[in-house]
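The values are calculated or read from the model by the stated rules, or taken from the named source; none is laboratory data. Everything quoted here is computed from the prediction, not taken from an experiment. Cβ: placed from backbone, ideal geometry, glycine included. Neighbour counts: every protein chain shown. Just so you know, the surface numbers come from the protein's heavy atoms only, side chains and all, with ligands and any DNA or RNA stripped out. Shrake-Rupley method; radii C 1.70, N 1.55, O 1.52, S 1.80 Å.
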Amino acid sequence: MDINFKKLVEKYNDEALNLLMKDLSINSIYDASTISENAPYGKGVKACFDLLKEVALKDGFKVDTCDGRCLEIECGEGEKLIYILAHQDVVPVSGNWKYYPFTPTIEEGKIYARGTSDDKGPGIASYYALKALKDAGLIKNFRVRLVFGGDEERGSSCLEYYFKVLKKEDPTYGFTPDGDFPLIYGEKGIMNYIYEGEISFKDIVYIKAGVVSNSVIDKAEVKVRNPQLLDNYLRRRSRIEVEKVAEDTYIFKGKAAHGSLPHLGINAGIIALSTLGDCYNEPYLQLLANEYENVNGKNLHCYYKSENLGETTYNVGLISYENNKFSMTVNFRYPENAEIEKIKTKLQESSPFKITFAEPSEVLYFDPEKNKFIQELAKVYVEETGDTVNKMMTIGGGTYAKEAKNTIAFGSHFPGKEDHIHDENEKIDLEDFYTSMSLYAHAIYALGNLDEN
């Protein structure tokens, strides 16, 4: 059947934009203060789920609220089951925004708001792709589940609950609209670890840096007991960007970036550790700053690289010191050849503190030369965009693809576009938003009718 997917979805453009603007207006950062039995991630995530549930029921979908962990929207019949996995939670806000991050604003064909690209925009595009197919009677002999999670940014406990506690079916095929086009066939492993312990830095009152582990620290606030010494030090080092906000308090400035791409940011936390360590002669701060100055782990002597997945990355995302208690959280990402136990041993040997290692999110990899599922989605991308130049890829980022079987990341970031994911002034191009609707409609249809034989 020859289907014009662009024409199929374009009549939903205004409706999709209207719902997206409502969705973006909800602050769905994880909020421990408003957690309840039916809102395990706080009132903001629940408000997003309630909004989408109301729309989906009105549009004739089956809906499961999944104990408040996810929102499942389903249609179709048959054994084959296609999943789309998106999320409604967003990362905390930092930096200097042009507009209030939860008042979505359209300017020159772009929407600015927290969640536009990660992941409300792609999620709403997926919903209207599914609705267009359903309304046109094109979902035949297969089922589709669009699942919105509520805790992707903190480690995907939502999907872990969905599949392991609720025992939901595994997908025949699935994709998450939370990565890059053309598609992502491999993802590095991810493991957070935390330095924690008691130590006295006699001239430092506190260090407060970072908002989440998987973002480069863009601001580090420091209070000291001997500000004159620091003032003199900073006068000799004009390249350090710092603002003195009180007689004894300073804010070191950097540039945010996603934790999988720390080389794109400037880590204010590392700058603060290096400055304080050098100025006040604190050897351990100097050591940490030196070890993590190179984001690939070369100074740690824990560097690995593979042809499939590239280099190790070590992003210092959180630093805290007060009342002689120090902690630092590192977001570590690695290719398939990294020797994790050796890395753990090496890191612990150089630290006076105990390091706590979280459970890793393992490496994901599909062979693009042999996997028909991958090849089909690559074909969909080319047919919808005409782009034969940009090629499928592997990434350092971790997506929902690791939480489900036979699932990859497919969009929604288009090649050559800036979306400022996890950064100030996050945005999405309206043109890309509408294009992704046709891409996702085509992808759902193609996977539902894919014959592996």
I want to check the label-to-label distance for residue 244 and residue 34. Put each point 7 Å from Cα in the C-beta direction and report it in nm to one decimal.
4.1
Given 25 °C, 0.890 mPa s and a Kirkwood radius over Cα pairs, the Stokes-Einstein diffusion coefficient of the range 340-435 in µm²/s is 144
About its Cα centre, what dipole magnitude does the range 50-203 give when the only charges are +1 on Lys and Arg Cβ and -1 on Asp and Glu Cβ, stated in debye to the nearest 20?
440
Label the range 401-451 by shape, choosing from rounded, prolate and oblate, from the square roots a ≥ b ≥ c of the eigenvalues of the Cα gyration tensor; if a/c is under 1.5 it is rounded, and otherwise prolate applies when a/b is larger than b/c, oblate when it is not.
oblate
Dipole of the range 235-364, positive direction: furthest Cα of 303, 250, 292, with charges on the beta-carbon:
250
Listed by chain and number, the residues whose amide H is under 5 Å from that of residue 336, excluding neighbours fewer than 5 places away on the same chain and using placed H, are 309
Probe 1.4 Å, all protein chains present, accessible-area order of 87, 413, largest first:
413, 87
Quick query: amide H of residue 225 versus all other amide H atoms, modeled in the peptide plane; which residues come in under 5 Å with a sequence gap of 5 or more or a different chain?
204, 205
For the chain, with only Lys/Arg (+1) and Asp/Glu (-1) charged at the beta-carbon, what is the dipole magnitude about the Cα centre, in debye rounded to 20?
580
If you take the charge dipole of the range 90-239 about its Cα centre, with +1 on Lys and Arg Cβ and -1 on Asp and Glu Cβ, which of 132, 234, 216 is farthest toward its positive end?
234
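Using a probe of 1.4 angstrom, how much of the accessible area of the range 301-372 is carbon and sulfur, in percent?
46
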The range 19-133, accessible surface, carbon-and-sulfur percent (1.4 angstrom probe):
48
Scalar couplings 3J(HN,Hα) for the range 165-180 by Karplus 6.51 cos²θ - 1.76 cosθ + 1.60 (θ = phi - 60°), nearest whole Hz, x for Gly and Pro, are 8, 7, 6, 5, 4, 6, x, 5, 9, x, 8, 10, x, 9, x, 10
Projecting the Cα atoms of 381, 406, 350 onto the charge dipole of the range 330-441, where Lys and Arg contribute +1 and Asp and Glu -1 at Cβ, the residue farthest towards the positive end is 350
Where does the charge balance sit around residue 246 when Lys and Arg score +1, Asp and Glu -1, over other residues with C-beta under 11 Å from its C-beta?
-2
Read-out Cα extents along the principal axes in Å, candidates [x] 75, 57, 40; [y] 73, 45, 44; [z] 108, 42, 39; calculated match is [y]
Please compute the contact order of the chain in relative form: average sequence separation of alpha-carbon pairs under 8 Å and at least six residues apart, divided by the residue count, as a percent.
24
For the range 152-158, take each phi angle, set θ = phi - 60°, evaluate the Karplus expression 6.51 cos²θ - 1.76 cosθ + 1.60, and give the result in whole Hz per residue in order, putting x for glycine and proline.
5, 5, 10, x, 6, 4, 4
Here, the range 151-287 modelled as identical Cα point scatterers in vacuum has Debye log10 I(q)/I(0) at q = 0.10, 0.13 Å⁻¹ of -0.50, -0.71
Here the cysteines of the chain without any disulfide-compatible Cβ partner under 4.7 Å are 48, 75, 158, 279, 302
Tell me, what HN-Hα J-couplings in whole Hz come from the Karplus equation 6.51 cos²θ - 1.76 cosθ + 1.60 at θ = phi - 60° for each residue of the range 342-352, using x for Gly and Pro?
5, 5, 4, 5, 5, 4, 5, 4, 8, 10, x
Quick check for you: with a 1.4 Å probe and neighbouring chains kept, what is the accessible area per residue of the chain, in Å²?
43
Could you pull out every residue, at least 5 positions away or on a different chain, whose amide H is within less than 5 Å of the one on residue 192? Hs are placed 1.01 Å off N in the peptide plane, and Pro or chain starts have none.
332, 358
Run the helix sum for the chain: -39,500 (n - 2.57) per DSSP H stretch of 4+ residues, divided by residue count, reported at 222 nm to the nearest 500 deg cm²/dmol.
-8500 deg cm²/dmol
Can you tell me the orientation of helix 372-385 relative to the chain, as the angle in degrees between its alpha-carbon axis and the longest Cα principal axis, to the nearest 10?
90
